[in-house]
Amino acid sequence: MKLDQYSDGEIIQKILEGEIALFEILIRRNNAHLYKTGRAYSYSHEDTQDLMQDTFINAYINLAGYENRASFKTWITKIMLNNCFRKKQKSGYKNEIPDEIKTECTPMFADEQSADMTKTILTKELGLVIENALQQLPLDYRLVFSLREINGMNVSETSDILGISESNVKVRLNRAKGMLKKEIEKSYTPSEIFEFNLVYCDAMVKRVMVEIKI
């Protein structure tokens, strides 16, 4: 089955009718997004993966309760953020979100044949610079920036996920951008930030599907 053959709602209906193996499609569609969300919350790669697994399992268990009033992506992001919030509480960290969501150098690669490699290295390094810069922002602003600029969610979806007004989403996003250095803001590549590649995606699918006994 092609991943784009059915909408999330259609896939969910098929799962509820017994085609449980199709849950893999929902995992693959939301893997990268949930990973970026967990990393924006300052969790490590390993902790983020654990939170993702918990989130997918939570979503599966409660799938019948999904009422399609918001997108599945919005719904599962709320579950992820709640799991992130609870983990912070258990770890004894102060959480900042409201309860309701509650000298000259010689270039290493100078010839034309190495141009692509140079670009790749620079992009990877830039991604790390941005990631580190984002971690310096207060959580409220970091989450809005991550959802809007990295994950590409619109104002309404971000407002729904975080439980704040759309005007607050816009204000926080503008303030978040102002906190980042201009050179980073002008040159970042969203797809390189908090990269979650196919290897990790396949591993997450296996972990979740084993847990729900497929």
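The values are calculated or read from the model by the stated rules, or taken from the named source; none is laboratory data. Quick caveat, the model's predicted, so the values are computed rather than measured. Reconstructed Cβ throughout: ideal geometry from the backbone, glycine too, with neighbour counts over all protein chains shown.
Computed quantities for the displayed model
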item: Qualifying residue in segment 3-23 (condition: in a helix (DSSP H, G or I), in contact with a Ser or Thr (Cβ under 9 Å, 6 or more places away or on another chain), crowded, with 16+ Cβ neighbours inside 10 Å and at pLDDT below 95); result: yes
item: Qualifying positions in segment 35-54 - at pLDDT below 95 and in contact with a Phe, Trp or Tyr (Cβ under 8 Å, 6 or more places away or on another chain); result: Tyr35, Lys36, Arg39, Ala40, Thr48, Gln49
item: When residues of segment 30-68 are limited to those that are acidic (Asp, Glu) and part of a helix (DSSP H, G or I), the one surrounded by the fewest Cβ atoms within 10 Å (Cβ to Cβ); result: Glu46
item: Pick from segment 140-156, criterion surrounded by fewer than 20 Cβ atoms within 10 Å (Cβ to Cβ) and at pLDDT 90 or above, ranking: nearest to His33 (Cα to Cα); result: Asn154
item: Hits in segment 69-86 - residues which are among the polar types (S, T, N, Q) and assigned to a helix (DSSP H, G or I); result: Thr74, Thr77, Asn82, Asn83
item: Condition check for Leu126: modelled with pLDDT under 90, closer than 22 Å to His45 by Cβ and surrounded by 13 or more Cβ atoms within 10 Å (Cβ to Cβ); result: yes
item: Complete set of residues in segment 159-180 that are part of a helix (DSSP H, G or I) and of a type in the set (Gly, Ala, Ser); result: Ser159, Ser167, Ala176, Gly178
item: Scope segment 9-30; condition of a type in the set (A, V, I, L, M) and within 20 Å of Asn151 (Cα to Cα); matching residues; result: Ile25, Leu26, Ile27
item: Members of segment 74-102 found to be modelled with pLDDT under 80 and either more than 26 Å from Arg29 (Cβ to Cβ) or of a type in the set (Phe, Trp, Tyr) (or both), listed by number; result: Ser91, Gly92, Tyr93, Lys94, Asn95, Glu96, Pro98, Asp99, Glu100
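Okay, residues lined up against (1) over 15 Å from Val208 (Cβ atoms); (2) under 19 Å from the mean Cα position of the chain (by Cα):
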| site | (1), (2) |
| --- | --- |
| Glu17 | yes, no |
| Glu24 | no, yes |
| Ile27 | no, yes |
| Asn30 | no, yes |
| Arg39 | yes, yes |
| Glu46 | yes, yes |
| Leu51 | no, yes |
